[in-house]
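The values are calculated or read from the model by the stated rules, or taken from the named source; none is laboratory data. If you're wondering where the values come from, they're calculated on a predicted model, not measured in any experiment. Please note: Cβ atoms are built from the backbone with ideal geometry, for glycine as well, and neighbour counts cover all protein chains shown.
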Amino acid sequence: MKAPLKSIVRRTGWPTSVSRPVVTPLQPSVVYSSPDPDALDAQYADASGYTYAREGHPNAEVLAEKIDMLEGVDPASGGGIITGSGMSAIGAVFLGLLKAGDHVLGGDQLYGRSLRLMAQDLPRLGIETSLADPTDASAMEAAIRPNTRMILVEVVSNPTIRVADMEGIIAMAKARGILVVVDNTFTTPAAYLPLAAGADITVHSVTKLLAGHSDATLGYVATQDPDLRRQINDANVTWGLTPSPFDCWLAERGLHSFHLRHRAAQDNARRLADALADMPGVAKVLYPTRSDHPDHNRAVALLGGQGGNMVSFALHGGREAANLLTRAAPDIAFAPTLGDIGTTLSHPPSSSHRGLTPEGRAALGITEGFFRVSVGVEDADLLISELGAAVAAASKGA
Ligand SMILES: *Cc1c(COP(=O)(O)O)cnc(C)c1O
């Protein structure tokens, strides 16, 4: 008999098996041991194998490869990069590619934190920024400066669901050698492929529709240009924007059902938009493929008729009607996110757009009765009846 150990701090191996797990193993190891210094040297020299989790780990790599397949990213370019959040994906692009004196042009209805980066954080680093209306490529062109290095746009704006003139913007930027970065979170690769359309960089908040279950915070960034990829990856690793293995593992599982969730949520969204438009308490409905949408033709051409899962609407009433609506729909989560498997309601005047003045919101058509619905995959009839009852309660009480 072997003498028992006083402590079992031993780095034992992993049991061998001729069969392999069907599920991707979760690998939380922060560090990897190499056989000898020569092997470690070689690993650093050609970036092969894992050394330290901030520099890369298997769960991030597996997830990146799967999103690459959806976004049409050629693995020969090095493939996509997973970051710790959607904001860190955008942060890695900015930190990796911009320097003091550069100018960045953004769409004027970017995600709230992206707008904050543009308004406060980049200027603090000596980087100029400005915003223009991306539904009008000539307005974007007029905002170009001699030092414009990059354009950041979202294809479909939040929460007003306007559709950007992507063809016009990409053509204009290409002619000037300006990088186009597309935040593809809202549209998803099911409706739009930024790199195939000629953009240089695509980014995602994986947190939203791709992972789909509101249990992992992650981002993704990809480019086909190996030099840009290296600079973005260096920023990700150096600034420590890298993801948790567990979040990557959860997101991979969520991603497997993305195409099914997307189709079901989009079918529900189309039906909900039409139902809302018929409700007496509703002043306006915004859904890209509805014929009354201001960018209907572009949505059909650019997105192949894929309207997505986001619907916005405005009640006739103001804040009081808005309060009544959320209270009357307790089973629809009133939560400032999107892309969850279940429907969530957000009220931009009290959340994403609370920083704007009432006049600023009015210019965007965001009244106190304005809601954005991230439609989920539940039974459409139930969803329509719940929201319909809430709209009726709101218009009766207000
Ligand atoms: C949520 C979101 C982000 C930020 O993503 P996080 O994962 O929350 O950091 C960026 N862009 C868009 C369009 C988003 O919806």
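For the reader, a short list of remarks on this structure follows.
- Candidate set: segment 62-72, residues that are within 16 Å of the ligand (Cβ to nearest atom) and among the aliphatic types (A, V, I, L, M); chosen: the one farthest from Gly212 (Cα to Cα): Ala64
- Matching residues, segment 1-53, being touching a residue at least 40 places away in the same chain (Cβ under 8 Å) and more than 22 Å from Ser244 (Cα to Cα): none
- Restricting attention to segment 226-274, the residues that are within 30 Å of Ala314 (Cα to Cα), buried (at least 20 other Cβ atoms within 10 Å of the Cβ) and of a type in the set (Gly, Ala, Ser) add up to 3.
- Restricted to segment 161-263, the set of helices (runs of 4 or more DSSP H) holding at least 3 residues that are closer than 24 Å to Ala301 by Cα, over 17 Å from the mean Cα position of the chain (by Cα) and among the aliphatic types (A, V, I, L, M) comprises 166-176.
- Residues satisfying the stated conditions in segment 167-199, i.e. charged (D, E, K, R) and surrounded by fewer than 23 Cβ atoms within 10 Å (Cβ to Cβ): Glu167, Lys174, Arg176
- So Val23, is it aliphatic (A, V, I, L, M), closer than 18 Å to Val181 by Cα and not in a helix (DSSP H, G or I): no
- Segment 204-218 residues that are acidic (Asp, Glu), paired with ones that are more than 7 Å from the ligand (Cβ to nearest atom) (beta carbon under 9 Å, 6 or more apart): Asp215/Asp247; Asp215/Leu250; Asp215/Ala251; Asp215/Gly254
- Test result for Pro194, more than 26 Å from His103 (Cα to Cα) and either within 15 Å of the ligand (Cβ to nearest atom) or free of Cβ contacts under 8 Å to residues at least 12 places away in the same chain (or both): no
- Output for segment 268-283, where each listed residue is over 16 Å from Val375 (Cα atoms) and either in contact with a Leu (Cβ under 9 Å, 6 or more places away or on another chain) or among the aliphatic types (A, V, I, L, M) (or both): Met279, Gly281, Val282, Ala283
- Residue under evaluation Val300, criteria (1) surrounded by 20 or more Cβ atoms within 10 Å (Cβ to Cβ); (2) over 21 Å from Thr343 (Cα atoms), criterion not met: (1)
- Scanning segment 99-112 for residues that are touching a residue at least 24 places away in the same chain (Cβ under 8 Å), in contact with a Leu (Cβ under 8 Å, 6 or more places away or on another chain) and over 22 Å from Gly86 (Cβ atoms) turns up at least one hit.
- Consider segment 208-225 and keep the residues that are surrounded by 24 or more Cβ atoms within 10 Å (Cβ to Cβ) and in contact with a Gly (Cβ under 6 Å, 6 or more places away or on another chain). The one that is farthest from Asp68 (Cα to Cα) is Gly212.
- Segment 39-54: number of residues that are at pLDDT below 95, not aromatic (Phe, Trp, Tyr) and not in a loop (DSSP other than H, G, I, E, B): 7
- Residue among Ala301, Ala363, Ala329, Ala273 that is assigned to a helix (DSSP H, G or I), over 25 Å from Ile169 (Cα atoms) and among the small types (Gly, Ala, Ser): Ala273
- Here segment 306-359 is the region considered, the condition is being surrounded by fewer than 17 Cβ atoms within 10 Å (Cβ to Cβ) and of a type in the set (S, T, N, Q), and the residue that is nearest to the ligand (Cβ to nearest atom) is Thr337.
- Of the strands (runs of 3 or more DSSP E) lying entirely inside segment 73-140, those containing at least 3 residues that are under 18 Å from the mean Cα position of the chain (by Cα) and either within 16 Å of the ligand (Cβ to nearest atom) or surrounded by 20 or more Cβ atoms within 10 Å (Cβ to Cβ) (or both) are 81-83.
- Within segment 266-291, residues that are aromatic (Phe, Trp, Tyr) have Cβ atoms under 6 Å from residues that are surrounded by 22 or more Cβ atoms within 10 Å (Cβ to Cβ) in these pairs: Tyr287/Ala273; Tyr287/Gly307; Tyr287/Val311, counting only partners at least 6 apart in sequence or on another chain.
- Residues satisfying the stated conditions in segment 146-186, i.e. under 22 Å from Ser346 (Cα atoms) and either hydroxyl-bearing (Ser, Thr, Tyr) or more than 16 Å from the ligand (Cβ to nearest atom) (or both): Ser157, Thr160, Thr185
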